[in-house]
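Trainee: This is the structure, below, for whatever I ask next.
The values are calculated or read from the model by the stated rules, or taken from the named source; none is laboratory data. The structure presented is a predicted model; accordingly, all values stated were derived computationally and were not measured. Note: ideal-geometry Cβ built from the backbone for every residue, glycine included; neighbour counts use all protein chains shown. Accessible surface areas use protein heavy atoms only, side chains included; no ligands, DNA or RNA. Shrake-Rupley method; radii C 1.70, N 1.55, O 1.52, S 1.80 Å.
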Amino acid sequence: MSLKHDFYLSRKPLAGFMAIGAAWATYFAQMPVIKAQVGATDGQYGVALLMAAFGAIAAMWLAPACRRVAGGYAVPLGIAFIAVGMLAAGASTTLVALTAAMMLASTGSGVVDVLVNARVSEIEETSGRALMNLNHALYAFAYAAGALATGAMRHAGFGPSVVFAVLLAVLLLLAWGASDTAPTAEPEGQGDTGTAPLTVVLLAGGIVLMAFLTEASTEGWSALHLERTLGGGPGQGALGPAALGLMMGMGRLGGHALAGRVRDTTLMMIATLVSAGGVAIAGLAPTVMMALAGFAIAGLGISVVVPLVMALVGRVVPHAQRLISISRVSVIGYGAFFFGPPLMGLVAEGFGLRIAFITVAALLGMTAIMLIPALARRAD
(Lines give C-alpha, C1' and ligand atoms only; values in the text may rest on other atoms or scores of the structure.)
Protein backbone atom coordinates (compact mmCIF):
# COMPACT_ATOMS: atom_id res chain seq x y z
CA MET A 1 0.00 0.00 0.00
CA SER A 2 1.12 3.58 -0.66
CA LEU A 3 2.24 6.32 1.67
CA LYS A 4 -0.82 8.26 0.56
CA HIS A 5 -3.04 5.47 1.88
CA ASP A 6 -1.18 5.50 5.20
CA PHE A 7 -1.81 9.23 5.50
CA TYR A 8 -5.49 8.61 4.80
CA LEU A 9 -5.77 5.88 7.42
CA SER A 10 -4.29 8.05 10.17
CA ARG A 11 -5.53 11.46 8.99
CA LYS A 12 -7.59 12.15 12.13
CA PRO A 13 -5.01 11.41 14.85
CA LEU A 14 -2.42 13.01 12.58
CA ALA A 15 -4.23 16.32 13.04
CA GLY A 16 -3.70 15.95 16.79
CA PHE A 17 0.01 15.23 16.41
CA MET A 18 0.44 18.26 14.16
CA ALA A 19 -1.50 20.48 16.58
CA ILE A 20 0.81 19.61 19.48
CA GLY A 21 3.95 20.10 17.41
CA ALA A 22 2.93 23.42 15.88
CA ALA A 23 1.65 24.83 19.17
CA TRP A 24 4.72 24.15 21.28
CA ALA A 25 7.13 25.20 18.54
CA THR A 26 5.29 28.51 18.29
CA TYR A 27 5.47 28.98 22.04
CA PHE A 28 9.16 28.15 22.44
CA ALA A 29 10.08 30.33 19.46
CA GLN A 30 8.37 33.21 21.32
CA MET A 31 9.78 32.32 24.74
CA PRO A 32 12.28 35.21 25.08
CA VAL A 33 9.58 37.75 24.24
CA ILE A 34 7.00 36.18 26.58
CA LYS A 35 9.49 35.93 29.45
CA ALA A 36 10.34 39.63 29.10
CA GLN A 37 6.66 40.51 28.77
CA VAL A 38 5.81 39.06 32.20
CA GLY A 39 9.02 40.35 33.81
CA ALA A 40 10.03 36.95 35.20
CA THR A 41 13.49 35.99 36.42
CA ASP A 42 15.05 32.74 35.17
CA GLY A 43 14.06 30.99 38.40
CA GLN A 44 10.49 32.27 38.36
CA TYR A 45 10.07 31.30 34.73
CA GLY A 46 11.45 27.84 35.45
CA VAL A 47 8.87 27.34 38.19
CA ALA A 48 6.11 28.37 35.77
CA LEU A 49 7.25 25.75 33.25
CA LEU A 50 7.47 23.15 36.01
CA MET A 51 3.87 23.85 36.98
CA ALA A 52 2.87 23.47 33.33
CA ALA A 53 4.64 20.11 33.20
CA PHE A 54 2.64 18.95 36.22
CA GLY A 55 -0.51 19.87 34.30
CA ALA A 56 0.58 17.73 31.36
CA ILE A 57 1.37 14.72 33.56
CA ALA A 58 -1.96 14.96 35.37
CA ALA A 59 -3.75 15.16 32.03
CA MET A 60 -1.89 12.13 30.67
CA TRP A 61 -2.86 10.14 33.75
CA LEU A 62 -6.51 11.19 33.40
CA ALA A 63 -6.72 10.87 29.60
CA PRO A 64 -8.64 7.55 29.75
CA ALA A 65 -11.27 9.22 31.95
CA CYS A 66 -11.45 12.15 29.51
CA ARG A 67 -12.11 9.68 26.72
CA ARG A 68 -14.92 8.08 28.69
CA VAL A 69 -16.55 11.44 29.40
CA ALA A 70 -16.07 13.21 26.05
CA GLY A 71 -15.82 10.27 23.66
CA GLY A 72 -14.95 11.32 20.11
CA TYR A 73 -14.82 14.98 21.12
CA ALA A 74 -11.97 14.50 23.61
CA VAL A 75 -9.15 15.24 21.14
CA PRO A 76 -10.82 18.29 19.50
CA LEU A 77 -11.58 19.68 22.96
CA GLY A 78 -7.97 19.05 24.00
CA ILE A 79 -6.72 20.95 20.95
CA ALA A 80 -9.12 23.79 21.79
CA PHE A 81 -7.63 23.92 25.31
CA ILE A 82 -4.16 24.20 23.76
CA ALA A 83 -5.32 27.01 21.46
CA VAL A 84 -6.94 29.04 24.23
CA GLY A 85 -4.00 28.48 26.57
CA MET A 86 -1.51 29.63 23.95
CA LEU A 87 -3.58 32.71 23.11
CA ALA A 88 -3.77 33.58 26.80
CA ALA A 89 0.00 33.09 27.14
CA GLY A 90 0.62 35.58 24.36
CA ALA A 91 -1.55 38.15 26.13
CA SER A 92 -0.16 37.53 29.63
CA THR A 93 1.50 40.40 31.45
CA THR A 94 1.99 38.70 34.83
CA LEU A 95 3.72 35.49 35.82
CA VAL A 96 0.54 34.17 37.48
CA ALA A 97 -1.46 34.66 34.28
CA LEU A 98 1.26 33.00 32.21
CA THR A 99 1.43 30.02 34.57
CA ALA A 100 -2.34 29.53 34.38
CA ALA A 101 -2.25 29.79 30.59
CA MET A 102 0.58 27.27 30.31
CA MET A 103 -1.18 24.82 32.62
CA LEU A 104 -4.30 25.05 30.42
CA ALA A 105 -2.29 24.43 27.25
CA SER A 106 -0.31 21.60 28.87
CA THR A 107 -3.48 19.93 30.11
CA GLY A 108 -4.93 19.90 26.61
CA SER A 109 -1.62 18.71 25.18
CA GLY A 110 -1.37 15.81 27.63
CA VAL A 111 -4.84 14.54 26.78
CA VAL A 112 -4.29 14.85 23.03
CA ASP A 113 -0.87 13.16 23.22
CA VAL A 114 -2.18 10.02 24.91
CA LEU A 115 -5.38 9.71 22.89
CA VAL A 116 -3.82 10.15 19.44
CA ASN A 117 -1.14 7.57 20.24
CA ALA A 118 -3.84 5.15 21.38
CA ARG A 119 -5.92 5.88 18.29
CA VAL A 120 -3.00 5.22 15.93
CA SER A 121 -2.35 1.95 17.76
CA GLU A 122 -5.97 0.97 17.21
CA ILE A 123 -5.81 1.82 13.50
CA GLU A 124 -2.63 -0.25 13.20
CA GLU A 125 -4.48 -3.22 14.69
CA THR A 126 -7.48 -2.95 12.37
CA SER A 127 -5.56 -2.08 9.18
CA GLY A 128 -2.46 -4.21 9.62
CA ARG A 129 -0.31 -1.17 8.76
CA ALA A 130 2.55 0.29 10.85
CA LEU A 131 1.67 3.98 11.21
CA MET A 132 3.23 5.24 14.46
CA ASN A 133 6.52 6.46 12.97
CA LEU A 134 4.70 8.29 10.19
CA ASN A 135 2.52 10.19 12.66
CA HIS A 136 5.45 11.07 14.90
CA ALA A 137 7.40 12.23 11.81
CA LEU A 138 4.64 14.68 10.96
CA TYR A 139 4.74 15.91 14.56
CA ALA A 140 8.46 16.70 14.10
CA PHE A 141 7.88 18.43 10.77
CA ALA A 142 4.94 20.42 12.20
CA TYR A 143 7.24 21.49 15.03
CA ALA A 144 9.85 22.68 12.53
CA ALA A 145 7.24 24.47 10.43
CA GLY A 146 5.77 26.19 13.49
CA ALA A 147 9.19 27.40 14.59
CA LEU A 148 10.08 28.71 11.13
CA ALA A 149 6.72 30.45 10.67
CA THR A 150 6.97 32.06 14.09
CA GLY A 151 10.51 33.23 13.36
CA ALA A 152 9.34 34.79 10.10
CA MET A 153 6.46 36.59 11.83
CA ARG A 154 8.74 37.87 14.57
CA HIS A 155 11.18 39.11 11.94
CA ALA A 156 8.28 40.92 10.27
CA GLY A 157 7.54 42.73 13.54
CA PHE A 158 4.46 40.85 14.76
CA GLY A 159 4.07 40.48 18.53
CA PRO A 160 2.99 37.40 20.52
CA SER A 161 -0.73 38.29 20.47
CA VAL A 162 -0.83 38.32 16.66
CA VAL A 163 1.27 35.18 16.35
CA PHE A 164 -0.91 33.25 18.79
CA ALA A 165 -4.08 34.54 17.10
CA VAL A 166 -2.86 32.97 13.85
CA LEU A 167 -2.01 29.80 15.79
CA LEU A 168 -5.53 29.81 17.26
CA ALA A 169 -7.04 29.71 13.76
CA VAL A 170 -4.70 26.90 12.69
CA LEU A 171 -5.42 24.84 15.81
CA LEU A 172 -9.17 25.22 15.52
CA LEU A 173 -8.95 23.96 11.95
CA LEU A 174 -6.91 20.98 13.13
CA ALA A 175 -9.42 20.37 15.93
CA TRP A 176 -12.16 20.12 13.32
CA GLY A 177 -10.04 17.66 11.34
CA ALA A 178 -9.30 15.59 14.45
CA SER A 179 -12.92 14.94 15.39
CA ASP A 180 -13.73 11.38 16.51
CA THR A 181 -10.11 10.33 17.05
CA ALA A 182 -10.76 8.81 20.48
CA PRO A 183 -10.19 5.05 20.70
CA THR A 184 -13.40 3.07 20.41
CA ALA A 185 -15.11 1.82 23.54
CA GLU A 186 -13.88 -1.43 25.01
CA PRO A 187 -16.14 -4.45 25.30
CA GLU A 188 -18.69 -4.25 28.08
CA GLY A 189 -17.11 -4.77 31.47
CA GLN A 190 -13.56 -4.24 30.20
CA GLY A 191 -13.14 -0.52 30.57
CA ASP A 192 -10.10 1.60 31.24
CA THR A 193 -10.32 1.07 34.96
CA GLY A 194 -8.49 -2.25 34.73
CA THR A 195 -4.86 -2.62 35.80
CA ALA A 196 -2.33 -2.10 33.03
CA PRO A 197 0.30 -4.88 32.58
CA LEU A 198 2.82 -3.60 35.12
CA THR A 199 6.07 -5.07 33.77
CA VAL A 200 5.41 -3.99 30.18
CA VAL A 201 4.41 -0.51 31.30
CA LEU A 202 7.49 -0.06 33.51
CA LEU A 203 9.93 -1.31 30.87
CA ALA A 204 8.32 0.66 28.07
CA GLY A 205 8.08 3.75 30.27
CA GLY A 206 11.77 3.48 31.16
CA ILE A 207 12.76 3.31 27.49
CA VAL A 208 10.56 6.30 26.62
CA LEU A 209 12.03 8.19 29.57
CA MET A 210 15.57 7.65 28.24
CA ALA A 211 14.49 8.73 24.76
CA PHE A 212 12.91 11.91 26.12
CA LEU A 213 16.01 12.55 28.23
CA THR A 214 18.10 12.48 25.06
CA GLU A 215 15.74 14.88 23.30
CA ALA A 216 15.52 17.23 26.28
CA SER A 217 19.28 17.31 26.92
CA THR A 218 20.06 18.03 23.27
CA GLU A 219 17.33 20.63 22.84
CA GLY A 220 18.20 22.38 26.08
CA TRP A 221 22.00 22.11 26.22
CA SER A 222 23.36 21.65 22.69
CA ALA A 223 23.47 25.38 21.93
CA LEU A 224 25.38 26.08 25.15
CA HIS A 225 27.80 23.23 24.41
CA LEU A 226 28.45 24.51 20.90
CA GLU A 227 28.96 28.10 22.02
CA ARG A 228 30.62 27.78 25.43
CA THR A 229 32.58 24.54 25.16
CA LEU A 230 33.54 24.76 21.50
CA GLY A 231 33.54 28.53 20.96
CA GLY A 232 30.84 28.66 18.30
CA GLY A 233 28.81 31.75 17.53
CA PRO A 234 25.12 32.28 18.38
CA GLY A 235 24.09 31.25 14.88
CA GLN A 236 26.03 28.03 15.17
CA GLY A 237 24.59 27.36 18.60
CA ALA A 238 21.06 27.42 17.20
CA LEU A 239 22.01 24.68 14.73
CA GLY A 240 22.18 22.05 17.49
CA PRO A 241 18.44 21.84 18.20
CA ALA A 242 17.72 22.37 14.48
CA ALA A 243 19.91 19.40 13.51
CA LEU A 244 18.18 17.23 16.11
CA GLY A 245 14.67 18.19 14.98
CA LEU A 246 15.32 17.80 11.26
CA MET A 247 16.98 14.42 11.63
CA MET A 248 14.24 13.18 13.94
CA GLY A 249 11.66 13.92 11.25
CA MET A 250 13.76 12.20 8.59
CA GLY A 251 14.49 9.26 10.88
CA ARG A 252 10.82 8.65 11.58
CA LEU A 253 10.02 8.58 7.88
CA GLY A 254 12.81 6.02 7.53
CA GLY A 255 11.36 4.08 10.44
CA HIS A 256 7.99 4.06 8.70
CA ALA A 257 9.63 2.57 5.61
CA LEU A 258 11.39 -0.11 7.69
CA ALA A 259 8.33 -1.04 9.75
CA GLY A 260 7.37 -4.64 9.08
CA ARG A 261 10.79 -5.43 7.57
CA VAL A 262 12.79 -5.31 10.81
CA ARG A 263 11.57 -6.54 14.20
CA ASP A 264 10.58 -3.48 16.22
CA THR A 265 12.68 -4.29 19.29
CA THR A 266 15.71 -4.99 17.08
CA LEU A 267 15.26 -1.65 15.31
CA MET A 268 14.75 -0.01 18.72
CA MET A 269 18.02 -1.43 20.02
CA ILE A 270 20.01 -0.42 16.94
CA ALA A 271 18.49 3.07 16.98
CA THR A 272 19.30 3.54 20.68
CA LEU A 273 22.92 2.48 20.17
CA VAL A 274 23.22 4.82 17.16
CA SER A 275 21.83 7.67 19.25
CA ALA A 276 24.23 6.85 22.10
CA GLY A 277 27.10 7.03 19.65
CA GLY A 278 25.89 10.37 18.32
CA VAL A 279 25.59 11.90 21.79
CA ALA A 280 29.06 10.61 22.69
CA ILE A 281 30.51 12.09 19.49
CA ALA A 282 28.91 15.43 20.32
CA GLY A 283 30.29 15.33 23.85
CA LEU A 284 33.83 14.45 22.77
CA ALA A 285 33.89 16.59 19.60
CA PRO A 286 36.85 18.98 19.22
CA THR A 287 35.03 21.16 16.68
CA VAL A 288 31.58 22.66 16.18
CA MET A 289 31.01 20.74 12.95
CA MET A 290 31.81 17.39 14.54
CA ALA A 291 29.50 18.16 17.44
CA LEU A 292 26.70 19.09 15.01
CA ALA A 293 27.26 15.79 13.21
CA GLY A 294 26.98 14.02 16.56
CA PHE A 295 23.72 15.76 17.43
CA ALA A 296 22.34 14.92 13.98
CA ILE A 297 23.23 11.23 14.45
CA ALA A 298 21.66 11.30 17.91
CA GLY A 299 18.42 12.72 16.49
CA LEU A 300 18.37 10.20 13.66
CA GLY A 301 18.70 7.31 16.10
CA ILE A 302 16.42 8.41 18.91
CA SER A 303 13.68 9.51 16.51
CA VAL A 304 12.13 6.07 16.10
CA VAL A 305 12.34 4.85 19.69
CA VAL A 306 9.21 6.46 21.17
CA PRO A 307 6.95 5.60 18.19
CA LEU A 308 8.19 2.01 18.23
CA VAL A 309 7.59 1.66 21.98
CA MET A 310 4.08 3.09 21.73
CA ALA A 311 3.24 0.80 18.82
CA LEU A 312 4.60 -2.24 20.67
CA VAL A 313 2.64 -1.45 23.83
CA GLY A 314 -0.53 -1.00 21.84
CA ARG A 315 0.03 -4.34 20.16
CA VAL A 316 1.00 -6.57 23.09
CA VAL A 317 -1.40 -5.44 25.82
CA PRO A 318 -5.03 -6.55 25.78
CA HIS A 319 -7.36 -4.26 23.86
CA ALA A 320 -9.21 -3.25 27.01
CA GLN A 321 -5.95 -2.09 28.61
CA ARG A 322 -4.38 -0.33 25.61
CA LEU A 323 -5.42 3.22 26.42
CA ILE A 324 -4.55 3.08 30.12
CA SER A 325 -1.21 1.39 29.32
CA ILE A 326 -0.21 4.09 26.82
CA SER A 327 -1.31 6.71 29.37
CA ARG A 328 0.95 5.26 32.07
CA VAL A 329 3.92 4.84 29.71
CA SER A 330 3.55 8.51 28.72
CA VAL A 331 3.50 9.61 32.36
CA ILE A 332 6.69 7.68 33.16
CA GLY A 333 8.44 8.96 30.04
CA TYR A 334 7.52 12.54 30.75
CA GLY A 335 9.52 12.28 33.98
CA ALA A 336 12.59 13.04 31.83
CA PHE A 337 11.48 16.66 31.70
CA PHE A 338 11.65 16.79 35.51
CA PHE A 339 14.92 15.07 36.36
CA GLY A 340 16.63 15.67 32.98
CA PRO A 341 17.47 19.38 33.35
CA PRO A 342 18.72 19.03 36.96
CA LEU A 343 20.81 15.98 35.98
CA MET A 344 22.44 17.78 33.06
CA GLY A 345 22.96 20.92 35.14
CA LEU A 346 24.54 19.16 38.11
CA VAL A 347 26.89 17.04 35.99
CA ALA A 348 27.81 20.03 33.82
CA GLU A 349 28.52 22.19 36.86
CA GLY A 350 30.69 19.54 38.49
CA PHE A 351 32.44 18.00 35.49
CA GLY A 352 31.56 20.05 32.39
CA LEU A 353 29.13 19.65 29.52
CA ARG A 354 31.31 17.05 27.79
CA ILE A 355 30.87 14.64 30.71
CA ALA A 356 27.17 15.52 30.92
CA PHE A 357 26.58 14.39 27.34
CA ILE A 358 28.75 11.31 27.82
CA THR A 359 26.58 10.44 30.83
CA VAL A 360 23.47 10.59 28.63
CA ALA A 361 25.23 8.37 26.06
CA ALA A 362 26.05 5.83 28.79
CA LEU A 363 22.44 5.78 29.98
CA LEU A 364 21.30 5.15 26.40
CA GLY A 365 23.79 2.29 26.09
CA MET A 366 22.42 0.71 29.27
CA THR A 367 18.90 1.11 27.89
CA ALA A 368 19.89 -0.74 24.72
CA ILE A 369 21.52 -3.69 26.48
CA MET A 370 19.17 -4.02 29.47
CA LEU A 371 15.69 -2.50 29.10
CA ILE A 372 15.02 -3.18 25.42
CA PRO A 373 15.95 -6.90 25.55
CA ALA A 374 13.78 -7.25 28.66
CA LEU A 375 10.86 -5.63 26.86
CA ALA A 376 11.46 -7.86 23.84
CA ARG A 377 11.17 -10.96 26.06
CA ARG A 378 7.89 -9.70 27.51
CA ALA A 379 6.55 -8.94 24.03
CA ASP A 380 7.17 -12.46 22.73
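Trainee: For the peptides 89-99, 2-12, what is the packing order when you average, over each peptide's residues, the other Cβ atoms within 10 Å and list the highest mean first?
Mentor: 89-99, 2-12
Trainee: How much length is gained on full extension from Ala156 to Leu173, taking 0.36 nm per residue of separation minus their Cα-Cα distance?
Mentor: 3.7 nm
Trainee: Report in % the part of the accessible area of the range 237-380 that belongs to carbon and sulfur, leaving out ligands and nucleic acids; probe 1.4 Å.
Mentor: Taking all protein chains in place, the range 237-380 shows 75 percent carbon and sulfur surface.
Trainee: What are the ³J(HN,Hα) values, in whole Hz, obtained from phi via the Karplus relation 6.51 cos²θ - 1.76 cosθ + 1.60 with θ = phi - 60°, for each residue of the range 99-110 in sequence order, with x given for Gly and Pro?
Mentor: Result, rounded to whole Hz: 4, 5, 5, 5, 5, 5, 5, 5, 4, x, 5, x.
Trainee: Below 8 Å, C-alpha to C-alpha, sequence gap of six or more: please give me the relative contact order for the chain in percent.
Mentor: Value for the chain: 23 percent.
Trainee: While we're here: Which order do Leu273, Leu173 take when ranked by solvent-accessible area (1.4 Å probe, heavy atoms of all protein chains), largest first?
Mentor: Listed by decreasing accessible area, they come as Leu173, Leu273.
Trainee: What ³J(HN,Hα) values, in whole Hz, does the Karplus curve 6.51 cos²θ - 1.76 cosθ + 1.60 give for the range 116-123 when θ = phi - 60°, with x put for Gly and Pro?
Mentor: Values per residue, Gly and Pro as x: 6, 5, 5, 5, 4, 4, 5, 5 Hz.
Trainee: Specify which residue in the list Gly251, Gly314, Gly78 is farthest towards the positive end of the charge dipole of the chain, using unit charges on the beta carbon of Lys, Arg (+1) and Asp, Glu (-1), about the Cα centre.
Mentor: My answer, from the dipole projection, is Gly251.
Trainee: I would also like to ask the following. Measure off 7 Å from each Cα along the Cα-to-Cβ vector at Arg228 and Met290, then give the distance between these two points in nanometres to one decimal.
Mentor: 2.1 nm
Trainee: Next question. List the residues, sorted by chain then number, that are 5 or more residues from Val317 or on another chain and whose placed amide H is less than 5 Å from its amide H.
Mentor: none
Trainee: Please get the size of the charge dipole for the range 1-140, origin at its Cα centre, with Cβ charges of +1 on Lys and Arg and -1 on Asp and Glu, quoted in debye to the nearest 20.
Mentor: Charge dipole, the range 1-140, about its Cα centre: 240 debye, nearest 20.
Trainee: Then there is this: In whole Å, what are the extents of the range 8-154 along the principal axes defined by its C-alpha atoms, from largest to smallest?
Mentor: 52, 34, 21
Trainee: If you plug each phi of the range 33-39 into the Karplus form 6.51 cos²θ - 1.76 cosθ + 1.60 with θ = phi - 60°, what whole-Hz ³J(HN,Hα) values come out, in order, with x for Gly and Pro?
Mentor: Values, residue by residue: 5, 5, 4, 5, 5, 8, x Hz.
Trainee: What Kirkwood hydrodynamic radius do you get for the range 228-380 when you take the inverse of the mean 1/r over all pairs of distinct Cα atoms, in Å?
Mentor: About 16.5 Å for the range 228-380.
Trainee: Taking Rh as the Kirkwood radius computed over C-alpha pairs, what is the Stokes-Einstein D of the chain at 37 °C in a medium of viscosity 0.692 mPa s, expressed in µm² per second?
Mentor: Answer, rounded: 158 µm²/s.
Trainee: Going by accessible area, probe 1.4 Å, with all protein chains left in place, what is the ranking of Phe141, Phe158, largest first?
Mentor: Accessible-area ranking of Phe141, Phe158, largest first: Phe158, Phe141.
Trainee: With all protein chains present, calculate the accessible area of Trp24 using a 1.4 Å probe and round the result to the nearest 10 Å².
Mentor: 40 Å²
Trainee: Springs between alpha-carbon pairs under 10 angstrom, Gaussian network model over the chain: which of Gly146, Gly231, Gly255 fluctuates most?
Mentor: The residue with the greatest mean-square fluctuation here is Gly231.
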